[in-house]
Amino acid sequence: MATNVNTIFNGSNGELWLNNADKLLKVSKFTFKQTNSYAEVDVTDNFAKQERLVGCSLSGEITKFQVDFAIADIMKQYKDGKQPDITLVGRVENPDTGVARRISITGITLQDMDIFAFEKGQANQDVIPFNASDYEYID
């Protein structure tokens with residue numbers, strides 16, 4: 001049975017909002033992942049070692065063409081000793097099927113960013129790694 005390729009989501013229909021208000025323009029790539037942490041458990045009645053979930057970490061990365069300085073302005077707040085509350089809302093939709101998914105990511109801390117950079121013959125892009133404390137699917 002052939003796969004209907006129109007059911008596959010693609011990044012061309014993804015959007016990202018900063019603090020539920022400002023749409024981040026020209027996002028070319030967005031990733032958000034959960035990494036689980038485990039403690040190794042070596043029980044005497046089993047030769048194989050086992051793992052017990054003890055926590056998780058949430059992290060991601062935004063790659064966007066530089067058309068504004070919204071993230072750079074937030075980085076300036078960090079430099080000035082302030083830690084702003086940051087929320088990201090991501091949405092991806094498949095217009096062929098009408099299926100969409102939104103996620104709200106909270107407790108965002110930005111890790112690093114080139115504050116001022118350019119390369120001859122290249123379009124400027126910002127790459128911003130971040131960590132988060134929580135997420136929930138909105139729909």
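Tabulated values for the structure
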item: Residue list for region 54-80, restricted to those being over 16 Å from residue 129 (Cβ atoms) and modelled with pLDDT of 95 or more; result: 54, 55, 56, 80
item: Boolean, residue 26 is of a type in the set (D, E, K, R), over 14 Å from the mean Cα position of the chain (by Cα) and surrounded by 11 or more Cβ atoms within 10 Å (Cβ to Cβ); result: yes
item: Selected residue [closer than 21 Å to residue 133 by Cα and open to solvent by 90 Å² or more (accessible area, probe 1.4 Å)] from 20, 36; result: 20
item: Qualifying positions in region 93-139 - under 15 Å from the mean Cα position of the chain (by Cα) and of a type in the set (D, E, K, R); result: 101, 102, 112, 126, 134, 136
item: Yes/no for residue 12 being part of a strand (DSSP E or B) and exposed (fewer than 13 other Cβ atoms within 10 Å of the Cβ); result: no
item: Test: residue 52 is open to solvent by 70 Å² or more (accessible area, probe 1.4 Å) and within 30 Å of residue 5 (Cβ to Cβ); result: no
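The values are calculated or read from the model by the stated rules, or taken from the named source; none is laboratory data. As the structure is a computational prediction, the values presented were derived from the model and not from experiment. Note that each Cβ is placed from the backbone with ideal geometry, even for glycine, and that neighbours are counted across all protein chains shown. Keep in mind that these areas ignore ligands, DNA and RNA; they rest on the heavy atoms of the full protein, side chains included. Shrake-Rupley method; radii C 1.70, N 1.55, O 1.52, S 1.80 Å.
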